[in-house]
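Engineer: Before I ask anything, let me first share the structure, which is written out below as structure tokens.
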Amino acid sequence: MSSLHRNAEKIQRLLRELGGDNEVVQLSDSTRSAAEAATALGVEPAQIAKSIIFLTRSEAGEERSVLVVASGRHRISKKKLRVLLGSKPRQADADAVKRFTGYPIGGVPPLGHHQEPITLIDETLAQYEVLWAAAGTPFTVFRTTFDQLVQWTGGQVADVREDET
């Protein structure tokens, strides 16, 4: 494990603390996008559990991060997020992603963030036995399941995808 980047080591430790036997895998190809990750792993893009950070404001005006764990096959509907959150979300820029999560865009894992986010999990991920999520860098991932994602993140399962037309 010592050859892993410190972010990936952190995720590996966290997976162990949560009782998982999941292994962080370092790839030679980038997994920055769901398509890149799917190609590198030889799986369908839909099996990539991508972590997208949005920002919203609480009723008290405090800025909060919202983690949406979505299938790599789908775009996220801001309209549906607004209904679920009760406020208008905006996608976080690279600086905000790093500030709230501690990780760079393209490597944001679904757990282990600096600040605990509001978490929404794409209900369509439930149809896959095996999912892959980022592990702290654009070159590291870990294998997981839908049930593990829900349990470990405490996330709310929801319909977050844009309607297909």
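Each reported figure results from applying straightforward, stated rules to the coordinates on display, with no laboratory input. Nothing here was measured: the structure is a model prediction, and the numbers come from that model. Using ideal geometry, Cβ is built from the backbone for each residue, glycine included, and neighbour counts are taken over all protein chains shown.
Engineer: Test of the criteria: in the range 35-78, which trypsin sites (Lys or Arg not before Pro) are in a DSSP loop and have at most 16 other Cβ atoms within 10 angstrom of their Cβ?
Structural biologist: R75
Engineer: How many nm separate the modelled label positions at R99 and E129, each set 7 Å beyond the Cα in the direction of the Cβ?
Structural biologist: Rounded to a tenth, the inter-label distance reads 4.4 nm.
Engineer: Further question: In a Gaussian network model over the chain where Cα atoms closer than 10 Å are linked, find which of S58, S30, S71 has the largest mean-square fluctuation.
Structural biologist: S58
Engineer: Let me ask another. Give me the percent of Cα-Cα pairs in the range 1-105 that sit more than 20 Å apart, rounded to a whole number.
Structural biologist: More than 20 Å apart: 52 percent of the Cα pairs in the range 1-105.
Engineer: Can you tell me what the convex hull of the Cα atoms of the range 57-165 projects to on average, as an area in nm²?
Structural biologist: Averaged projected hull area, Cα only: 7.0 nm².
Engineer: May I pose another question? Taking Cα pairs under 8 Å and at least six residues apart, what relative contact order does the range 6-158 come out at, in percent? Could the numbers behind the result be given before it?
Structural biologist: Details: 312 pairs, mean separation 42.4, N = 153.
Worked out over the range 6-158, it gives 28 percent.
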